[in-house]
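Structure record follows, encoded as structure tokens.
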Amino acid sequence: MVLAKLPATQIYYISLKPSVKRWRLRMEEQKVNQYIQDFIKSNPKLHYIDTYNMVINAEGLPRTELFASDQLHFNEAGYRLLIESVRPYVEK
């Protein structure tokens, strides 16, 4: 709908990210991300920003230091990392 009304618009999708609290859903999140990433390849005005891998540590688990006490949302450090991941796309 956006591209139909504003054909010059570039759309950026920020991927799902795993969290400590929803770690059990990681496989489903990865499937959704892959599906969307594949769909995005069909249109040069659609762009994918990977944020899944930025929260994974060397052991393949969520980096707990990036999450608030609810273990779902980012804390300040997590949002700083997210900003740095998205900034290059916004500055284009």
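Taken together, the values in this text are just the output of simple stated rules run on the coordinates, not laboratory data. Everything numeric in this text was worked out from a predicted model, so none of it was measured. For neighbour counting, all protein chains shown are included, and Cβ atoms are generated from backbone atoms with ideal geometry for every residue, glycine included.
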- Task: Using only Cα atoms, tell me the angle between helix 76-90 and the longest principal axis of the chain; keep it within 0 to 90° and round to the nearest 10.
- Result: 20
- Message: If you filter the chain for GluC sites (Glu not before Pro), then keep DSSP loop positions with at most 10 other Cβ within 10 Å, what is left?
- Response: E59, E91
- Once Lys and Arg get +1 and Asp and Glu get -1 on their Cβ, which of S85, A4, I40 lies farthest toward the positive end of the dipole of the chain? A4
- Subtracting the Cα-Cα distance from 0.36 nm times the residue separation, let me have the gained length for D38 to N53 in nm, one decimal. 3.7 nm
- Message: Compute the angle between helix 26-40 and the longest alpha-carbon principal axis of the chain, please, reported from 0 to 90 degrees and rounded to the nearest 10.
- Response: 20
- Query: To two decimal places, what compactness ratio does the chain give when its Cα radius of gyration is scaled by 2.2 N^0.38 Å?
  - Reply: 1.20
- Run down the lysines and flag those whose C-alpha is under 25 Å from the C-alpha of K41, throwing out any fewer than 8 positions away in its chain. K5, K17, K31, K92
- Task: Give me the net charge of T9's neighbourhood, meaning all other residues with Cβ under 15 Å from the Cβ of T9; Lys, Arg count +1, Asp, Glu -1.
- Result: +3
